[in-house]
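Bear in mind these aren't lab numbers, they're just calculated from the coordinates by the rules spelled out. Small disclaimer: the values here were computed from a predicted structure and weren't measured. All Cβ positions, even for glycine, are placed from backbone atoms using ideal geometry, and neighbour counts span all protein chains on display.
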Amino acid sequence: MTAPEITVATPADRDAVVGALVAAFATDPVLRYLFPAEETYPQYAAAFFGYLFDKRVHRETIWTVGRGASVAIWEPPAASPESREDALAAHLPADVLARVVAYDEAVHAALPDAPFWYLGVLGTHPDNAGRRWGRAVMGVGLRRAAADGLPAILETSNPVNVELYRRAGWEVADSFSEPLPTWIMQQPAR
């Protein structure tokens, strides 16, 4: 299998990236907890992923295959997590925003205090599933973390993904059950 071409996302890739992620996460436990209503899922998920894209695109830590068909959104080591509340308040109703904030707080409470690279989103549009593009874009961030001598961290609420990530070298480092079962996974510093 030929290695896919991986590029750094630019603002011009926003629509493709957001569209791919909305489709990729349509049945994901976290996204369905945050945005449970079928009729509003596309709108709210697009606002959510658009926010994540806008926050990181200028840091050049969003890697894609096919200009957005498969996407890894990484957060480099930071001094402190940023609140999503203000940026999303204009796009989400109060009850939905409350779920986003509650989940975000639960995740941040389980993250380590030491610096790390954070894989915030990894998704492939369903039309491109099975090509191993997700693993390819994930690998770029893992190499950056290794070059910095730092661990990589992610969270998943999809039990199927725990085994997939284990096969890719991740280990369960922590977990929590509220507001929904979630595993914090880590690849140690190399």
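Observations
- Scope region 20-47; condition part of a helix (DSSP H, G or I) and of a type in the set (Gly, Ala, Ser); matching residues: Ala20, Ala23, Ala24, Ala45, Ala46, Ala47
- Selection within region 27-46 - out of contact with any helix residue (DSSP H, G or I) (no Cβ under 7 Å at 6 or more places or on another chain) and within 23 Å of Val160 (Cβ to Cβ): Thr27, Asp28, Pro29, Arg32, Pro36, Glu38, Tyr41
- Matching residues, region 157-190, being closer than 20 Å to Phe25 by Cβ, without any contact (Cβ under 8 Å) to a residue 40 or more places away in the chain and β-branched (Val, Ile, Thr): Val160, Val162
- Whenever a residue of region 14-39 is free of Cβ contacts under 8 Å to residues at least 40 places away in the same chain and within 17 Å of Glu178 (Cα to Cα), its partners that are assigned to a helix (DSSP H, G or I) and not polar (S, T, N, Q), lying with C-beta atoms within less than 8 angstrom and at least six residues away or across chains, give the pairs Leu31/Tyr41; Leu31/Ala45; Leu31/Phe48; Arg32/Tyr41.
- Pairing each residue of region 118-142 that is hydrophobic (A, V, I, L, M, F, W, C) with any residue that is part of a helix (DSSP H, G or I), provided the two are 6+ apart or on different chains, yields C-beta distances under 8 Å for Leu119/Met138; Leu119/Gly141; Val121/Leu21; Val121/Phe49; Val121/Leu52; Leu122/Gly134; Leu122/Val137; Leu122/Met138.
- For region 169-179, a tally of residues being surrounded by fewer than 16 Cβ atoms within 10 Å (Cβ to Cβ) and not charged (D, E, K, R) returns 5.
- Checking each residue in region 139-163 for being in contact with a helix residue (DSSP H, G or I) (Cβ under 9 Å, 6 or more places away or on another chain) and in a helix (DSSP H, G or I) picks out only Pro159.
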